[in-house]
1. Of all residues in the stretch A:159-205, which are closer than 30 Å to residue A:239 by Cα and among the hydroxyl-bearing types (Ser, Thr, Tyr)?
2. Go through the stretch B:8-30 and give me each residue that's of a type outside the set (Ser, Thr, Tyr) and touching a residue at least 24 places away in the same chain (Cβ under 8 Å).
3. Show the residue pairs that are 6+ apart or on different chains and have beta-carbon atoms under 7 Å apart, the first residue being within the stretch A:24-53 and within 14 Å of chain B (Cβ to nearest Cβ), the second being part of a strand (DSSP E or B).
4. Would you tally the residues in the stretch A:2-47 being at pLDDT below 70 and among the aliphatic types (A, V, I, L, M)?
5. Kindly list the number of the only condition in (1) more than 15 Å from the chain's Cα centre (by Cα); (2) closer than 17 Å to residue A:203 by Cα that fails for residue B:62.
6. Here is a list of conditions, (1) buried (at least 18 other Cβ atoms within 10 Å of the Cβ); (2) away from chain B (no Cβ under 14 Å); (3) within 28 Å of residue A:53 (Cα to Cα), and residue A:163 meets all of them except one; can you say which number that is?
7. Looking for whichever is at pLDDT 90 or above, within 13 Å of chain B (Cβ to nearest Cβ), closer than 20 Å to residue B:58 by Cα and in contact with a Pro (Cβ under 9 Å, 6 or more places away or on another chain) here; the options are A:117, A:193. Which one fits?
8. With the checklist (1) farther than 26 Å from residue A:260 by Cα; (2) loosely packed, with under 14 Cβ neighbours inside 10 Å in hand, flag the one item residue B:23 doesn't pass.
Amino acid sequence: MQGAVVPMAEIEPGCHLGNDFGCGFPAPDASIFEFEPYFGNFTKPVILLLLGSLIIIVVFLLAFRNSKLIPGKLQSIGEMGYLFIRDGISREVIGKDGDRFVPLLFSIFFFVWMGNLWGIIPGAQFPVNSRFAFPVGLAITVWILYMYLGMRHQGPIKFFTNMMFPPGMPKAIYVILAPIELISNVIVRPVTLSIRLFANMFAGHLLLTVFTVATFYLASLSLVGIVGSATSFLMTVIFTAFEALIQGLQAYIFTLLTAVYIAGSLHAEH
Amino acid sequence: MVDLIADITGSVGSIGYGLAAIGPGIGIGIIFGNGVQAIARQPEAYGVIRQNMLLGFALAEALALLGFVAPFVFGT
């Protein structure tokens, strides 16, 4: 039975190293991302997503409900988040003109971050964005937005010609460059935007699961068992901290790229 | 049936991921190496450099992640 993968649901409760009933290491596979719905179509990711949205709404409503000139604790945190998006992303990338997109970027950043953060919150421990549909939905929203903005600010035809013929190139290069630019701007951008977020969360969750399962599997009364189990547990803790970093970074990168695409649509390259 | 000189069995997707990680690995190394160098030379431009560094990192990393996802999508 080399390389046979036991589905996670069929693991016997006492599956440890050196057992008698011949169950090998139950390597986690893609089936750990499948959930039975609790009721209707409400699976665990959907519930976590709705709960996360609710938490964001409540926290920021509380933070900005009665804003004071001298902010309290919660208001300071809320303002810090807002200024991070406005000054750190929007004004840096889009410029003053981008202030009208700050609410959108703000929402995207905290929505994505909260969705990712469920991956390390004990009890939930499932990053919502590791289900492909959620990043795809976000990426389609961004795609529609920057295509619309580009056609509106540069004109429907001019938008595509500006995109395909960046100035300052030798004439012959355009034969190769024009189709590449068109494909990369219209098709590759949304695809990579969604896959980047999805694959990071997918890989991170899989990695954490491997070490968690290994901790349980190796726990047995032998030298390999004790040392291996302790090491796996340590790795779980370390990678949880690493995941916390990656989750924030991915939310930042998603928002940053959204801002870059919006900026590219507002002003043609020149 | 074609006679094969060499046959690969087992987890071909893992080999694919390994190959897909080479290019982005080099690219990300160059990006962060030069980014750190730029910050060391011009610490006052930290904000701009870090932002562009992360942007380049995200674009290079996408290729490695495509390689990571492909075995799951096209796996047998």
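The values are calculated or read from the model by the stated rules, or taken from the named source; none is laboratory data. The structure presented is a predicted model; accordingly, all values stated were derived computationally and were not measured. FYI the Cβ positions are ideal-geometry reconstructions off the backbone, even for glycines, and counts take in every protein chain you see.
1. Of all residues in the stretch A:159-205, those closer than 30 Å to residue A:239 by Cα come to A:189-205.
Of everything in the stretch A:159-205, those that are closer than 30 Å to residue A:239 by Cα and among the hydroxyl-bearing types (Ser, Thr, Tyr) turn out to be A:192, A:194.
2. Applying the first criterion (of a type outside the set (Ser, Thr, Tyr)) to the stretch B:8-30 yields B:8, B:10, B:12-13, B:15-16, B:18-30.
Hits for the stretch B:8-30 are B:12, B:13, B:16, B:19, B:20, B:21, B:23, B:24, B:25, B:27, B:28.
3. Final answer for the pair search is none.
4. 6
5. Every listed condition holds for residue B:62 apart from (1).
6. (3)
7. Working: A:117 fails: within 13 Å of chain B (Cβ to nearest Cβ).
A:193 is the lone residue from the list that is at pLDDT 90 or above, within 13 Å of chain B (Cβ to nearest Cβ), closer than 20 Å to residue B:58 by Cα and in contact with a Pro (Cβ under 9 Å, 6 or more places away or on another chain).
8. That leaves (1) as the condition not met.
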